[in-house]
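Every read-out reported here was derived from the displayed coordinates using simple, explicitly stated rules and does not represent laboratory data. Not measured: the values here are computed from a predicted model. Here the Cβ positions follow ideal geometry from the backbone for every residue, glycine too, while neighbour counts run over all protein chains shown.
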Amino acid sequence: MNFYEHTLITKQDLSTPELSNIEKKYKDIITKTDGKVIKVEKWGLLSFAKKIKAYNKGFYIHYKFEAENKTLDEIKKNSIIDNSLLRHLTVKYKKLDTETEYFKENEKKK
Amino acid sequence: MKRKNNKFNKRPQNPLNKLSLFQKSDSRFSKKCPLSGKDAPVIDYKNVKLLKRYISDTDKIMPSRITSVSQNKQRKLTSEIKKAKILGFI
């Protein structure tokens with residue numbers, strides 16, 4: 001078992017129930033394949049530095065979890081097909097830092 | 001008798017003392033790496049404020065000879081900046 005961080009960028013024009021559906025969907029994928037979700041962060045609507053697929057803004061969802069290799073394959077499979085996602089990124093960590101949140105201030109302003 | 005070495009240690013400290021513009025200054029400055037040592041900032045792709053200090057106006061990664069970041073940390077910086085570019089932070 002290793003520690004991972006996973007971030008999703010969804011499209012800008014989604015409603016709040018659709019957003020929570022996406023958040024639930026990837027949470028279930030991790031738990032179904034014997035993983036353990038440690039923390040979920042919603043960074044809210046952030047603007048990009050450059051346009052991504054003709055979008056200027058996007059919703060960010062951030063997962064911190066402990067899992068094995070097969071969950072990563074499942075996440076990758078699903079997020080490539082998913083039409084509401086713009087981009088995704090997984091990073092492996094030896095130790096997870098759950099305390100510092102870099103995007104907390106941005107949410108309060110909006 | 002001890003020889004006095006003071007004469008040889010003297011170096012021009014004021015840059016106006018130079019004979020010509022192209023003469024190199026004797027005093028070499030060596031800066032410490034700002035990202036290593038005690039209570040240094042964490043290099044991470046989420047720490048966008050820190051990463052933005054190490055890219056140019058045209059979003060290029062700055063060379064370590066300008067920023068005086070150590071070799072090990074520079075390798076970390078480049079990988080984290082590239083991750084931040086994927087997520088659209090930079």
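Most mobile of A:75, A:38, A:30 per a Gaussian network model of chain A (Cα springs, under 10 Å)?
The residue with the greatest mean-square fluctuation here is A:38.
For helix A:69-81, report the angle its Cα long axis makes with the longest principal axis of the Cα atoms of chain A; keep it between 0 and 90° and round to the nearest 10°.
30
To the nearest 10 degrees, how steeply does helix A:16-32 sit against the main Cα axis of chain A, on a 0 to 90 scale?
That works out to roughly 10 degrees.
Using amide H atoms built in the peptide plane, which far-off residues or other-chain residues are under 5 Å from residue A:38 H to H?
A:64, A:65, A:66
About its Cα centre, what dipole magnitude does chain A give when the only charges are +1 on Lys and Arg Cβ and -1 on Asp and Glu Cβ, stated in debye to the nearest 20?
So the magnitude is around 360 debye.
Tell me, what is the FRET efficiency for residue A:87 and residue B:19 to the nearest 0.05, using R0 = 41 angstrom and their Cβ-Cβ distance as r?
It comes to 0.10.
Are there trypsin sites (Lys or Arg not before Pro) in the stretch A:43-84 that DSSP puts in a loop and that have at most 15 other Cβ atoms within 10 Å, and which ones?
Filter output for the stretch A:43-84: A:53.
Nearest 500 deg cm²/dmol is fine: what mean residue ellipticity at 222 nm does chain A get from its DSSP H runs of n ≥ 4 alone, each adding -39,500 (n - 2.57), divided by its residue count? Display every interim value, and only then the final one.
Values: 3 runs with 36 residues, N = 110.
So the calculated ellipticity at 222 nm is -10000 deg cm²/dmol.
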